[in-house]
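Structure first, then comments.
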Amino acid sequence: MTKYLAGLISFFIINLSAGAQVQRETNPTQNTATVTQKKNKKEISKELNLTREQRRQLKDFRQSAKQKKEEIDNDTSLTDTQKQDKLRHLRMEQKEKLNTILTPEQKEKLKEKIKDRETKEEVAN
């Protein structure tokens, strides 16, 4: 459950602001996923009632985390195990950073949102 929570939080951090990303050519199936992701990000941002400063901090952090992840993925000197370890460490850093940005109330709302999503996935399976 903890790993799943950490993964979901990482997903939330990395994917929250699609507006800051460069526009790219995509095929129609990618557009559907992107629209869904944007809706989810906006919903979460709205439900958590993020301040402008929090959104800015998350945006900056996501960009940094994305760059670090790409560096790890592209580092040919690392074994798969080393890459997994570094990615795990990066996710832990992301979780800690998220905890410094969100208020206790926002953290609680996020946990509830994650639980709801888990429940929906369990029902779907």
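Evaluate the following for ARG62: is it of a type in the set (Lys, Arg) and under 17 Å from the mean Cα position of the chain (by Cα)? Break it down into steps so the answer makes sense when it comes.
Values: of a type in the set (Lys, Arg): yes; under 17 Å from the mean Cα position of the chain (by Cα): yes.
For ARG62, the condition - of a type in the set (Lys, Arg) and under 17 Å from the mean Cα position of the chain (by Cα) - is met.
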Checklist outcome for this item: Quick count over region 55-96, residues being exposed (fewer than 14 other Cβ atoms within 10 Å of the Cβ) and in contact with a Ser or Thr (Cβ under 8 Å, 6 or more places away or on another chain), is 0
Next on the checklist: Consider region 51-79. How many of its residues are at pLDDT below 90 and either among the acidic types (Asp, Glu) or under 17 Å from ILE114 (Cβ atoms) (or both)?
Outcome noted: 1
Next on the checklist: Which residue is surrounded by the fewest Cβ atoms within 10 Å (Cβ to Cβ), if the candidates are limited to region 97-123 and must be basic (Lys, Arg) and under 16 Å from LYS46 (Cα atoms)?
Outcome noted: LYS111
Next on the checklist: Go through region 107-125 and report how many residues are more than 15 Å from the chain's Cα centre (by Cα) and in a helix (DSSP H, G or I).
Outcome noted: 12
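The values are calculated or read from the model by the stated rules, or taken from the named source; none is laboratory data. Just so we're clear, the structure is a prediction, and the values are computed from it rather than from any experiment. For neighbour counting, all protein chains shown are included, and Cβ atoms are generated from backbone atoms with ideal geometry for every residue, glycine included.
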